[in-house]
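Quick notes on the structure that follows.
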Amino acid sequence: SWTAEGVTALRAIGALEPDEKIRNPDYLAAKFINPVYWRYSVYNQLNYKMNMKVVKAYRVDTYFLVNARTHKIDRTLLQMEKDGLEQVVVLGAGFDTRAYRFAEKMPKVQFYELDLPATLQRKKEMVKDAIGQAPDYVAYAPIDFNTETIEEALVRVGYDSAKKTFFVWEGVTMYITEDAIKATLDFIATRSAPGSAVVFDYLMAGVAAKDWKKYPKARFSATICELHGEPWIFGFPEPSAGPFVQKAGLDVVEDLNGKQMSEKYMTRSNGKLDGVAGAHWGLMHARVPKR
């Protein structure tokens, strides 16, 4: 997946940020990128000052989304671990590194990583290169989100619906169908223990409809993704994914738009914003209510 490596590169760049307050906490991201990637991308090499010039020149607001959501997801994961978390399911895992970054802090938590077969195979190779071997506390489950159910994939690798679970759903909803999204939310709501939660980022419907007049900042990223065979096909009805999530039976804990997530997670130590994720982005934190 081109996008999987691209967002990993953005995390790697953010991990070099001098200001600790907004620095991306993914210190392993750089190890999960093929060195050749830098040579053939607009970034050329992993160099913070040079990379940030590219981000500003091309107005890559996705950089601020990626950094904000990393902070949000990591903080939610750490808080849930304190509250008795037992499982983490990474939906569309790509080159997510949480299972490897948090292993020592969470020895009793079982991680599950789901993604397309080719991406997971590449992931295993990169894990081996980065940390020596694929750990036994991570279960890899290949899946096509448009043709298979999450339950089918997870049952194969030992998922327990009675356990408190955190679902990480990062950079996925815009690439799959509305039916697949409904099925995923329904699974989370009905096949995980009360107190389980999900955090996911999402697009507005106008972006999927290519309304560039309304969302001009989205056009560059959308075009690049489509050129690489990974078009954005779904967006939630404006102004928020809240009603959609609630209809699935989940409680909204926090729902941030681009400006809100940037202010919360991308404000520097001196009080100035590093940058703002576009108005076409949203970041949802929802929880399974008590039954």
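The values are calculated or read from the model by the stated rules, or taken from the named source; none is laboratory data. Model, not experiment: these values are computed from the prediction. No Cβ is skipped: glycine too gets one built from the backbone with ideal geometry, and neighbour counts run over all protein chains shown. For accessibility, only protein heavy atoms count, side chains too; no ligands or nucleic acids. Shrake-Rupley method; radii C 1.70, N 1.55, O 1.52, S 1.80 Å.
Can you find, among 223, 260, 87, the residue sitting farthest towards the positive end of the charge dipole of the chain, where Lys and Arg contribute +1 and Asp and Glu -1 at Cβ? Final value for the positive-end residue is 260. For residue 15, the residues 5 or more places off, or on other chains, whose built amide H falls under 5 Å of its own are 24.
Positive end of the dipole of the chain (Cβ unit charges, origin at the Cα centre): among 119, 139, 40, the Cα lying farthest that way belongs to 40.
Within region 48-104, the ratio Rg/Rh, alpha carbon atoms throughout and Rh by Kirkwood, equals 1.10.
When the solvent-accessible area of the chain is split by element, carbon and sulfur atoms take up 52 percent of it, the probe being 1.4 Å.
Quick note on region 1-111: its Rg to Rh ratio, both from C-alpha atoms and Rh being the Kirkwood radius, is 0.99.
Per residue, the accessible area of region 1-98 comes to 43 Å², computed with a 1.4 Å probe over protein heavy atoms only. Considering helices alone, the calculated mean residue ellipticity of the chain at 222 nm is -11500 deg cm²/dmol, with DSSP H runs of length four and up weighted by -39500 (n - 2.57) and normalised per residue. Dipole magnitude for the chain: about 880 debye, using +1 per Lys or Arg Cβ and -1 per Asp or Glu Cβ, origin at the Cα centre. Of 56/272; 164/247; 217/272; 217/247, which sit over 24 Å apart, Cα to Cα? Listed pairs above 24 Å: 217/247. Which value, in Å², gives the accessible area per residue of region 168-217 when a 1.4 Å probe is used on the protein heavy atoms? That works out to 37 Å² for each residue. Working value for region 103-187: equivalent-ellipsoid semi-axes of 23, 17, 11 Å, each the square root of 5 times a Cα gyration tensor eigenvalue, largest first.
Take the convex hull of the alpha carbons in region 1-54; its mean projected area over all directions comes to 3.5 nm². For region 198-286, the equivalent ellipsoid built from the Cα gyration tensor has semi-axes of 22, 20, 11 Å, listed from largest to smallest. Of the residues 246, 25, 52, the one whose Cα sits farthest towards the positive end of the charge dipole of the chain is 52 (charges of +1 on Lys and Arg Cβ, -1 on Asp and Glu Cβ, taken about the Cα centre).
Any chance you could tell me what percent of the C-alpha pair distances in the chain go past 36 Å?
Here the long-distance tail beyond 36 Å is 9 percent of all Cα pairs in the chain.
The equivalent ellipsoid that matches the C-alpha gyration tensor of region 238-291 spans semi-axes of 27, 13, 5 angstrom, in descending order. The calculated P(r) of region 68-213, using every Cα pair and 10 Å bins from 0, goes 11, 42, 36, 10, 2 in percent. The longest stretch of the chain left intact once loop-based GluC sites (Glu not before Pro) with at most 16 other Cβ atoms within 10 Å are removed from consideration, loops following DSSP, is 149-291.
The phi torsions of region 91-103, fed into the Karplus equation with coefficients 6.51, -1.76 and 1.60 and a -60° offset, translate into couplings of 8, x, 4, x, 10, 4, 10, 4, 4, 9, 6, 9, 4 Hz, rounded to whole numbers, with Gly and Pro shown as x. Applying both filters, DSSP loop and at most 12 other Cβ atoms within 10 Å, to the trypsin sites (Lys or Arg not before Pro) of region 137-243 gives 213. The charge dipole of region 53-103, taken about its Cα centre with unit charges on the Cβ atoms of Lys, Arg (+1), Asp and Glu (-1) only, comes to about 400 debye. The charge dipole of region 86-143, taken about its Cα centre with unit charges on the Cβ of Lys, Arg, Asp and Glu (plus for the first two, minus for the last two), comes to roughly 80 debye.
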